[in-house]
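Nothing in this text is a laboratory measurement; each read-out follows from the coordinates by a stated rule. Since we're looking at a predicted model, the values are computed, not measured. Here the Cβ is made from the backbone with ideal geometry for all residues, glycine too, and neighbour counts use every protein chain on show.
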Amino acid sequence: MRHTFLLLLAFFFVFSTAAAQNATDSLRVGYAGSAPFIVAGEQPDGIIIDIWDEIAFSLKQSFKYIEYPSVDSGIAAVQNNEIDVLIGPITINSSRANVISFSQPYFDTELAILAPLMEPTIWDRIKPFLSTTFLYAVIGLLIILTIVGFLFWLVEGRKSEQDYGKGPIRGIGSGVWLAVVTMTTVGYGDYAPRTAAGRFIMGSWMVISLILATSFVAGIATTFSLSTSDDKTIIGLNQMEGKRVAIPNYKNISDRIRDFQGIPVAVDDVSEAYQLLLDKKVDAVLYDEVPLEYIFENEKRADFVLSKRRIEPQYYGFVFSKESDFKHKVDLEIIHLREIQRITRIISDWVNRT
């Protein structure tokens, strides 16, 4: 009986020690962020969860998840040693690196712009025809045609009144008609130069009109494209003047918007930014590309435009305390996952889900 009791006591001691050791080795993993990196639910899900699960499985590391309402609160928890690591779409920047330690970047992203598609109105389509550029071009062309018509009449019309008509008005008018027909390469054949001087003027005008017509058409086309796209739809930073723009709560991005005379509206996550856009409280959203693309694809809103213009590169990493001994192991796993394109495939899978 005594031996049995001692055996049970020894077994209990070993089991308790192993359990205590496992509890000690189990990492406290905090997470914070928005979809698709962190997807709310009974169990945490999303891009980050998939990436971390692969890292932990490869390292044979036990852990438990702890949710935090924001990245800042999670960083504070790391500083206070409440958790061992914080995962999420956490932007690496110098101000944060002063107080905590970042892992290797697991993903490089950029900012993108989401804005309502603004269709041109009837006035927008008519306005190019009333622009000063168009009017000046037309007036200039008429002046040139008048000069060429006058030269035709001067060397031909006065000698061939039966073709050009009597009097300078009818004669110059016929000369202008000949200049137009020549420039447009129609060539009706109702007028033709007969003198050497007339042929010289006609030949010169043929060459000049080719160059002039090409330049004229190109200029008008440029005016139309700039006027009709005028771009009411916001697709670049240069269109932010006077616009309210929802952005992440980062000073450098806020300063960038102000540089373009825009009005930054800081938000905590992309869902809040998107809701402000739907409620027409902001004119556009400038946010990390992946969350914006995820919302854009899943909402299937035909009245929005997502513009990727390589704005402000962002680097995402995990957060550790400066004394962490585990960070180096995670760094090696991140490098490996990036080398085999595993992280890229995880992100692509989440973004393309319907």
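Computed from the Cβ-Cβ distance with R0 of 30 Å, the FRET efficiency linking Ile143 to Val186 stands at 0.90. The lysines whose alpha-carbon is closer than 30 Å to the alpha-carbon of Lys232, local same-chain residues fewer than 8 away aside, are Lys127, Lys243, Lys251, Lys280, Lys281, Lys300, Lys308. Given R0 = 30 Å, the distance between the Cβ atoms of Ala40 and Ile126 translates into a calculated FRET efficiency of 0.05. Taking label positions 7 Å along the Cα-Cβ direction at both Phe200 and Lys60, the computed distance is 9.9 nm, reported to one decimal.
Summing Lys, Arg as +1 and Asp, Glu as -1, what charge do residues with Cβ under 14 Å from the Cβ of Phe200 carry, Phe200 excluded? Don't jump to the answer; show the numbers that get you there.
Values: positive: Arg194, Arg199; negative: Glu156.
For residues surrounding Phe200, the net value is +1.
Basic side chains Lys and Arg get +1 at the Cβ, acidic Asp and Glu get -1 at the Cβ, and with that the dipole of region 232-312 about its Cα centre reaches some 340 debye.
Among the trypsin sites (Lys or Arg not before Pro) in region 31-119, those located in a DSSP loop and surrounded by at most 14 other Cβ atoms within 10 Å of their own Cβ are Lys60.
Among Thr344, Thr182, the ranking by other beta carbons within 10 Å of each residue's beta carbon, starting with the fewest, stands as Thr344, Thr182. Think of each Lys and Arg Cβ as +1 and each Asp and Glu Cβ as -1; about the Cα centre, that makes the dipole of region 281-354 roughly 120 debye. Electrostatic tally near Pro44: other residues with Cβ closer than 12 Å to its Cβ, Lys and Arg +1, Asp and Glu -1, net -4.
Within 15 Å, Cβ to Cβ, of Tyr315, how many net charges do the neighbouring residues add up to if Lys/Arg are +1 and Asp/Glu are -1?
Details: positive: Arg96, Arg310, Arg338; negative: Asp108, Glu110, Asp288, Glu289, Glu312, Asp331.
Neighbourhood net charge equals -3.
To the nearest 0.05, what FRET efficiency results for Ser95 and Glu323 with a Förster distance of 25 Å applied to their C-beta separation? Efficiency computed from Cβ-Cβ geometry: 0.80.
Taking region 231-281, which trypsin sites (Lys or Arg not before Pro) meet the DSSP loop condition and have no more than 14 other C-beta atoms within 10 Å?
Hits after loop and neighbour filter: Lys280, Lys281.
Compactness of region 262-354, taken as the C-alpha radius of gyration over 2.2 N^0.38 Å, stands at 1.37.
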